[in-house]
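In what follows, a single structure is set out as structure tokens and then discussed.
The values are calculated or read from the model by the stated rules, or taken from the named source; none is laboratory data. These numbers come from a predicted model, not from an experiment. With ideal geometry, Cβ positions are generated from the backbone for all residues, glycine too; neighbour counts draw on all protein chains shown. For accessibility, only protein heavy atoms count, side chains too; no ligands or nucleic acids. Shrake-Rupley method; radii C 1.70, N 1.55, O 1.52, S 1.80 Å.
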Amino acid sequence: MKFFRIIIISFILLSAFLLGAEAREYIAVRTSNPPVIDGKLDDACWETVTSSRDFRMHSPYDDRPATFDTEFSVIYDDNNLYIAVRAHDPNPDKIFRQIARRDHVETEFISVCIDSYHDKNTCYCFFVNASGVMGDLFVSKNGGSLDDSWDAIWWAKTQIDEEGWIAEFRIPLSQLRFVNADEQIWGFDVMRSVHRNSEESFWMEHPQDASGFIHNFGILRGLHNIKARKVMDIYPYAVSNLDIYEAEEGNPYMDGTDIKFNGGIDGKIGLTNNFTMDFTINPDFGQVEADPATVNLTAFETFFGERRPFFIEGNNITSFSLDVNGGEEQLFHSRRIGRSPHYWPSLGNNDYAKVPRATDILGAAKITGRTESGLNIGIVEVVTQKEYADISRSGVESRETVEPLTNYTIVALRQDLNQGSTQVGGILTAVNRNLNEEHLDFLHKQAYTGGFDLRHYGKDRLWRADIRTYGSYVQGSKNAISLTQLSSSHLFQRPDADWINYDTSRTYLMGHGGSARIGKFSGALQAAFKVQWKSPGLELNDVGFVGGTDNISQNIWLNYRKNEPFSIFRNFNTTLTQWNNWNFGGLHQNSGIKLQMETRFKNLMGLDLGIEVNSKFLSSTALRGGPRLLMPGSQYTWMWFGTDYTKDLHGWMLFIGGANKDGLHHSQRFESEIYWKISQNVNMSVCANWGQTHDVFQYVTKVDYYGDLRYILAQIHQELASIQLGINVNITPEISLEYRGRPYFVSGKYNDFKVVTDGDNPVYEDRFDLFTDNITLNNGVYYCDEDRNASLDYSFNNPNFIYSSFQSNLVFRWEYQPGSTLFLVWSLNNDVGSDGNRIILSENIQALNDEIPYNVFLMKVSYRLGR
């Protein structure tokens, strides 16, 4: 979402630290005659309070008076906080207007930020743009963590007049958490964005080149005798969907049409003033957009982010990245919950099965909150259903379990100390499966992980240290633990890894990892040093996400930035990064260095240039359980260019090119996006992606050669092309129509097959035996005579492929009252694969057109019952 991309970038780049500045104060006034929220400020209550102004520029310059004056006032009663903001502008006709869905606040907005615990570490932010589009955000770790999924129930209206524009807020106290006191003292700040100047200003001063944000808020006083309100929101829902697809002759489960009806309840209940329970009974995630189509030729699974509201809201507490820098690898990856079943029945000719596409969640509950001593607590409890496949074997019906009844528990704690200067946290996860069928013994019966993290800021927050450690324990049958050891994350069967042992008698596996970093993250010159490790036995993929293990890495990061305009530049940033990697056997695997320069010019065009150089890489995973393979060093360069993003028509393009010194690998990739604001209510975007890769080290398969394993590689020429079209029609901020369409094409042509003989030989030609006249292709199968004695030694399928896909999603959304929503969705998915070897768009599009797509028509309505 563009709003949150802008806000996240803004908060990180403009995160603030001001030495020696006194916090400004505003004293709120109680009212017995609350205003009507209409954006007019003609209520008598606003005439009796003073306003505060004198905003300071944050971007493009630090600590200058804002170009346009901004003033605000705050009043309250027993149930609500009211804020009025007057954003002066001498040219109201130039105010940027854009109607969009909630949370798509791009720019030209007012943001009210409230640190209601006054811990200088967390805050609630409420945004509204000049067209009345609202958005909200929960910020923690002094600006280091942003939860854009947090959706509060509040009201705001705006009005544009001859003096500029007005924003009027009503924020119920039930949406804020705070401790009971005779007088509330809160951290408080107001931010304004001016689109045409690309300018941000704050009530408090916020330099750009510093660490932290919330600790520098001003103070809101005068809130006497108000009580924290318990939230109570219940959302019953009903959903119906019609699936239309190609019928399969003879298959009793695919007659071409499926009709389903469902219902359930979501809720949010305040347990105490500071703790809230979110729950869902028989949840439905039908309106969630499908994952993008992709082809993965690596040994590791593709990461897909979470999109279900229940799991993403409030995940700042339960999030635990393996790397202190963040990233995809996590102890808790909620996409594991409700995933597709693990087991697929074995079928013969004329056998059919109806297997659920996802595992149903029977119920889920999440408790989050904070004690008065500053301890943040998050608990997630989920039970998923035992799933069955309906099977027809020669007309005889039966059922088989494809997913066991499973319980997931996540408990996370975080304590802020010394007004946020020290943060200590921990997390525990548990997965317990009810395994009482023998055919499911490949699954872990139990899986537990735990993590601890510490962040400490030095004096004046100039320096920061981060440490986190974590461990895992999985238990199951001998078969389950054997499969875990053989999986791509571990590869215990590697013949040259004498520091690990593949043991078929094991019934459990343990592992550990950690990451530590110390650095200076404020000022013009910044630097950091980091180490990270993941032991070979670290297994997180029952409810977390980890790719490769058996790794120790070191990283040095240097950064110089100039945030204020100079010469032709609006800002300038350059970064140098260096790294080394080893495995747990102490074997050095590779080194690398990267230099990157980013700038935005005064005309608001942008440029990003970079180069990355990698040494030779001794890979332990390229042969997927085989011996090490020496890969050549490589070099990548890239260039990104963007036009002025304040224009109605703007865009960017990116080119990445790479090769190695021996010419054994080269790749090119081009991406581009064009965004067009057609009117205040309509915008569209087009994103194109094209790439090709040539690589002589592409893994194909492993085969048995008279009791020995042979690892087959090939040269691959891979092509990729895709286009994504997005159209948004926003009638009002509450009524919208969105369309997304994406054709995607990828192909792979394999040739020059070879068998690995001495994978880490420094001479390239001596690492392999190349197949020449001793390999033949017949009916899609390659037959190999390795010893050239005129007899077949082994065979493998032709790996050439073409994959074409088209995904389309049309969503009508109407929030007919706050928290109550109607969805109408049409989703179309179509894909086709073949053993071709190159993209020919006319033929690929025709192949898609010849296929009958899978259509889903869905209607969902929810209604908020709350206070």
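Key figures
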item: Per-region count, segment 441-460, residues among the basic types (Lys, Arg) and crowded, with 20+ Cβ neighbours inside 10 Å; result: 1
item: Check on GLY314, modelled with pLDDT under 85, at positive phi and surrounded by 13 or more Cβ atoms within 10 Å (Cβ to Cβ); result: yes
item: Conditions (1) under 29 Å from the mean Cα position of the chain (by Cα); (2) small (Gly, Ala, Ser); (3) open to solvent by 20 Å² or more (accessible area, probe 1.4 Å); (4) under 30 Å from ALA465 (Cα atoms): number failed by SER373; result: (1)
item: The listed residue being in contact with a helix residue (DSSP H, G or I) (Cβ under 6 Å, 6 or more places away or on another chain) and surrounded by 21 or more Cβ atoms within 10 Å (Cβ to Cβ), out of SER193, SER211; result: SER211
item: Strands (runs of 3 or more DSSP E) wholly inside segment 707-799 containing at least 3 residues that are within 30 Å of SER685 (Cβ to Cβ); result: 708-732, 735-756
item: Cβ-Cβ under 8 Å pairs, at least 6 apart or on other chains, segment 679-702 side closer than 30 Å to TYR645 by Cβ, far side open to solvent by 40 Å² or more (accessible area, probe 1.4 Å) and outside any strand (DSSP E or B); result: GLN680/ARG97; MET684/ILE678
item: Check on PHE109, modelled with pLDDT of 90 or more, hydrophobic (A, V, I, L, M, F, W, C) and surrounded by fewer than 22 Cβ atoms within 10 Å (Cβ to Cβ); result: no
item: Options GLN635, GLN680; residue that is out of contact with any Leu (no Cβ under 8 Å at 6 or more places or on another chain), within 25 Å of MET597 (Cβ to Cβ), of a type in the set (S, T, N, Q) and open to solvent by 50 Å² or more (accessible area, probe 1.4 Å); result: GLN635
item: Residue check, ASP147 among the acidic types (Asp, Glu), in contact with a strand residue (DSSP E or B) (Cβ under 6 Å, 6 or more places away or on another chain) and open to solvent by less than 10 Å² (accessible area, probe 1.4 Å); result: yes
item: Leading residue by the ranking (farthest from ASN274 (Cα to Cα)) among those in segment 191-226 that are part of a loop (DSSP other than H, G, I, E, B) and among the small types (Gly, Ala, Ser); result: SER198
item: Residue list for segment 54-66, restricted to those being outside any strand (DSSP E or B), in contact with a Lys or Arg (Cβ under 8 Å, 6 or more places away or on another chain) and open to solvent by 30 Å² or more (accessible area, probe 1.4 Å); result: ASP63, ARG64
item: Residue list for segment 399-428, filter: polar (S, T, N, Q), modelled with pLDDT under 95 and surrounded by fewer than 17 Cβ atoms within 10 Å (Cβ to Cβ); result: GLN415, ASN418, GLN419, THR422
item: First in segment 563-590 and farther than 19 Å from ASP62 by Cβ, second anywhere and basic (Lys, Arg) and surrounded by 15 or more Cβ atoms within 10 Å (Cβ to Cβ), Cβ under 6 Å, 6 or more apart; result: THR577/LYS594
item: Verdict on ASP182 being farther than 30 Å from LEU347 by Cα and within 29 Å of the chain's Cα centre (by Cα); result: no
item: Residues of segment 640-670 satisfying the condition of being farther than 20 Å from SER722 by Cα, open to solvent by 80 Å² or more (accessible area, probe 1.4 Å) and at pLDDT 95 or above; result: LEU649
item: Enumeration of residues in segment 227-284 that are outside any strand (DSSP E or B) and touching a helix residue (DSSP H, G or I) at 6+ places or on another chain (Cβ under 6 Å); result: ARG229, VAL231
item: Test: residue in segment 547-555 that is of a type in the set (Val, Ile, Thr), open to solvent by less than 50 Å² (accessible area, probe 1.4 Å) and at pLDDT 95 or above; result: yes
item: Residue satisfying all of: in segment 524-541; assigned to a loop (DSSP other than H, G, I, E, B) and open to solvent by 20 Å² or more (accessible area, probe 1.4 Å); farthest from SER488 (Cα to Cα) among these; result: ALA524
item: Close pairs from segment 837-865: first touching a residue at least 12 places away in the same chain (Cβ under 8 Å), partner in a loop (DSSP other than H, G, I, E, B) and loosely packed, with under 13 Cβ neighbours inside 10 Å, Cβ under 9 Å, at least 6 apart; result: GLU851/GLU246; ILE852/GLU246; ILE852/ALA247; ILE852/GLY256; PRO853/GLU246; TYR854/GLU246
item: Residue check for PHE188: open to solvent by less than 10 Å² (accessible area, probe 1.4 Å), of a type in the set (Phe, Trp, Tyr) and part of a loop (DSSP other than H, G, I, E, B); result: no
item: Selection count where residues are touching a strand residue (DSSP E or B) at 6+ places or on another chain (Cβ under 7 Å) and surrounded by fewer than 22 Cβ atoms within 10 Å (Cβ to Cβ), scope segment 74-85; result: 2
item: Test: ASN216 is open to solvent by 40 Å² or more (accessible area, probe 1.4 Å) and among the polar types (S, T, N, Q); result: no
item: Those residues of segment 24-51 which are touching a Gly at 6+ places or on another chain (Cβ under 8 Å), open to solvent by less than 30 Å² (accessible area, probe 1.4 Å) and more than 19 Å from GLU163 (Cα to Cα), in sequence order; result: TYR26, ALA28
item: Tabulated pairs, segment 370-394, first on the phi > 0 side of the Ramachandran plot, second not in a strand (DSSP E or B), C-beta under 8 angstrom, 6+ apart or interchain; result: GLY374/TYR117; GLY374/ASP119; SER394/ASN350
item: Counted residues, segment 474-517 - those being part of a loop (DSSP other than H, G, I, E, B), among the hydroxyl-bearing types (Ser, Thr, Tyr) and surrounded by fewer than 21 Cβ atoms within 10 Å (Cβ to Cβ); result: 7
item: Residues of segment 325-364 classified as open to solvent by 60 Å² or more (accessible area, probe 1.4 Å), part of a loop (DSSP other than H, G, I, E, B) and over 17 Å from ARG433 (Cα atoms), total; result: 8
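Yes/no per residue for (1) open to solvent by 10 Å² or more (accessible area, probe 1.4 Å); (2) over 23 Å from THR368 (Cα atoms):
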position: ASP151; (1), (2): yes, no
position: ILE160; (1), (2): yes, yes
position: GLY164; (1), (2): no, yes
position: PHE169; (1), (2): no, yes
